[in-house]
1. Is one or more of the residues making up the range 95-104 under 17 Å from TYR56 (Cβ atoms), in a strand (DSSP E or B), free of Cβ contacts under 8 Å to residues at least 24 places away in the same chain and within 19 Å of the chain's Cα centre (by Cα)?
2. Identify, please: which residue in the range 92-101 is at pLDDT 95 or above and under 16 Å from TYR52 (Cβ atoms) and is, among those, surrounded by the most Cβ atoms within 10 Å (Cβ to Cβ)?
3. Go through the residues of the range 102-109 one by one and say whether even a single one is surrounded by fewer than 16 Cβ atoms within 10 Å (Cβ to Cβ), under 19 Å from GLN122 (Cβ atoms) and either touching a helix residue (DSSP H, G or I) at 6+ places or on another chain (Cβ under 6 Å) or not charged (D, E, K, R) (or both).
Amino acid sequence: MFKQKTFKNSILLSKLLPHHVHGWIYSRWTVVSVAVALLLCFAIYAQADLVYGRVYGAEGNFPPEGTFTLTNNEDENVYQVITDENRGYSIFLPPGIYSVEFIDGDDIRWEAEIRSVNDPIQQDIHLERAR
């Protein structure tokens with residue numbers, strides 16, 4: 001009688017095993033897919049880092065809480081940046097060289113250049129009159 005119960009339990013276990021293994025495979029692929037998606041998100045984020053500093057120059061024409069434009073010299077992406085009350089700024093940028101442009105109230109164009117790298121970096125902007 002004991003052997004017969006064991007045999008019946010073995011049959012039940014073998015019938016349940018494929019479903020259990022099937023669910024495990026699906027859940028494993030779900031976990032792998034989510035992990036890959038997260039890694040891709042972090043990889044994209046890791047290619048941009050913080051650039052911060054203050055804006056100087058422009059013969060005093062750059063106002064507190066003023067706006068300037070950053071243009072990536074390689075791919076021509078444009079970013080509008082607004083400074084704080086102390087003319088400070090901070091922005092996450094992909095590595096590269098960026099042209100800075102500010103046009104004052106008299107339509108005079110001021111420019112500078114900054115660099116972004118894979119680490120946080122302070123880049124003070126010293127605006128000079130465009131040539």
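The values are calculated or read from the model by the stated rules, or taken from the named source; none is laboratory data. Fair warning: this is a prediction, and the values are worked out from it, not measured in the lab. Cβ sites come from the backbone with ideal geometry, for glycine too, and all protein chains shown count toward neighbours.
1. no
2. Among residues in the range 92-101 that are at pLDDT 95 or above and under 16 Å from TYR52 (Cβ atoms), the one surrounded by the most Cβ atoms within 10 Å (Cβ to Cβ) is TYR98.
3. no
This table checks each residue for (1) modelled with pLDDT of 95 or more; (2) closer than 20 Å to ASP119 by Cα; (3) touching a Leu at 6+ places or on another chain (Cβ under 6 Å); (4) surrounded by 13 or more Cβ atoms within 10 Å (Cβ to Cβ).
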residue	(1), (2), (3), (4)
TYR52	yes, yes, no, yes
ALA58	no, no, yes, yes
PRO64	no, no, no, no
GLU76	no, no, no, no
TYR89	yes, yes, no, yes
